[in-house]
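Before any comments, here is the structure.
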Amino acid sequence: MTQLMAGKRGLIMGVANNHSIAWGIAKMLADHGAELAFTHQGASMERRVRPLAESVGSSIVMDCDVEDIASVDAVFDTLKSEWGSIDFFVHAVAFSDKNELAGRFADTSRGNFTRTMTISCFSFVETAKRAAALMTDGGSMVTLTYDGSQRVMPNYNVMGVAKAALEASVRYLATDFGRDAIRVNAISAGPMRTLAGAGVADARLMFNFQKQHAPLGRTVTLDEVGGAGLYLLSDLGSGVTGEVHYVDSGYNTISMPRLEALKT
Ligand code: NAD
């Protein structure tokens, strides 16, 4: 392993268990020398997150629900008092009512539209602002998105709209923070078997379809998304900001399955 992240400290938000994309990135960063702090959503998640955090030598594990701004403030206050400054931030948080990740987008309710946008998009704006204030020597942040922001994916519905807003937020935040040497990017991951991923109706069908038709003929691994996180959060990505970087076996580049696949 390299020591690309040696001497760098940062916050990982969005680990639920060892299948979480945030965990894939965290592990990769820790393997390359980073010092990490984690948040978990509520006491039930703490049981899973704390042992994972401890396995990579982290002792800062904080409760945070992004719907509760006081808990968000407490996280960044703790980081300020423990570390003074941070170098990177990973935001891997999203939520929508499962009942509306099925059927027609047209049937999205006002309440769930607002809640989905608040948790899955605006929480990045609120946390990025607080993270940037602690990046006194420059820094890098990454959020997670999905191609349902750009193209219609069955059942992804309001989450696709929230991810479109999140990707636009990445570009605006990159401009806001760029002169302070703070970079802001998104990783657009292909479908992965996680708790959030399972919330989308017929997730397994989408997973298998993309596996069959992506140029690489497979889905991506947590390590591969972690590798992209390492690139964007380390100095390797020092010239990159405001980007949406796809890690999806190339699925976003095709407009239809290979003809050979249709003939079988
Ligand atoms: P996951 O279920 O492991 O992680 C989602 C996280 O969001 C959980 O840790 C959960 O606690 C957190 N969260 C939800 N509401 C919250 C709230 N109010 N306050 C604080 N935390 C909250 O699933 P994942 O797939 O690893 O999701 C991480 C990110 O990756 C999400 O933004 C998701 O949309 C994105 N993503 C997932 C896929 C996929 O196929 N799984 C593909 C592309 C992008």
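Laboratory data are not the source of any read-out in this text; all were calculated from the coordinates shown. Given the structure is predicted, the values throughout are model-derived calculations rather than measurements. Note: ideal-geometry Cβ built from the backbone for every residue, glycine included; neighbour counts use all protein chains shown.
Most exposed first by the Cβ proxy, i.e. fewest other Cβ within 10 Å, how do Ile25, Ile182 rank?
Values: Ile25 30, Ile182 24.
Ranking Ile25, Ile182 by Cβ neighbours within 10 Å, fewest first, gives Ile182, Ile25.
What ³J(HN,Hα) values, in whole Hz, does the Karplus curve 6.51 cos²θ - 1.76 cosθ + 1.60 give for segment 84-97 when θ = phi - 60°, with x put for Gly and Pro?
My calculation for segment 84-97 gives x, 8, 10, 10, 8, 8, 10, 10, 9, 10, 7, 7, 8, 4 Hz in order.
What is the distance, in nm, between label points placed 7 Å from the Cα along the Cα-to-Cβ direction at Trp83 and at Lys263?
Between Trp83 and Lys263, the simple spin-label model gives 5.5 nm.
Give the calculated FRET efficiency between Asn18 and Leu216 to the nearest 0.05, with a Förster radius of 41 Å applied to their Cβ-Cβ distance.
Efficiency, rounded to the nearest 0.05: 0.95.
Quote the charge dipole size of the chain about the Cα centre in Debye, to the nearest 20; the model charges only the Cβ of Lys and Arg (+1) and of Asp and Glu (-1).
Details: 24 positive and 28 negative charges, 159 e Å.
I would put it at about 760 debye.
What list of ³J(HN,Hα) couplings, whole Hz, do you get for segment 256-264 from phi and the Karplus terms 6.51, -1.76, 1.60, once you set θ to phi - 60° and write x for glycine and proline?
So the Karplus estimates, Gly and Pro as x, are 7, x, 4, 4, 4, 5, 6, 7, 8 Hz.
Listed here are the pairs Lys98/Lys129; Lys163/Lys263; Lys27/Lys80; Lys80/Lys163; Lys98/Lys163; Lys163/Lys211; which of them are more than 25 Å apart at the Cα? Show your work: numbers first, answer last.
Values: Lys98/Lys129 29 Å; Lys163/Lys263 34 Å; Lys27/Lys80 23 Å; Lys80/Lys163 29 Å; Lys98/Lys163 16 Å; Lys163/Lys211 22 Å.
The answer is Lys98/Lys129; Lys163/Lys263; Lys80/Lys163.
Going by amide H atoms built from the backbone, whose H comes under 5 Å of the H on Gly242, apart from near neighbours?
Val184, Asn185
Using Cβ contacts closer than 10 Å as the measure, can you line up Thr118, Thr127 from fewest to most?
Fewest to most other Cβ atoms nearby, the residues stand as Thr118, Thr127.
Have a look at Ala102, Ala214, Ala43 and tell me which one the Gaussian network model of the chain (Cα, springs below 10 Å) gives the largest fluctuation.
Ala43
Report the residue, chosen from Val152, Val72, Val61, that carries the largest GNM mean-square fluctuation when the chain is represented by alpha-carbon nodes joined by springs under 10 Å.
Val152
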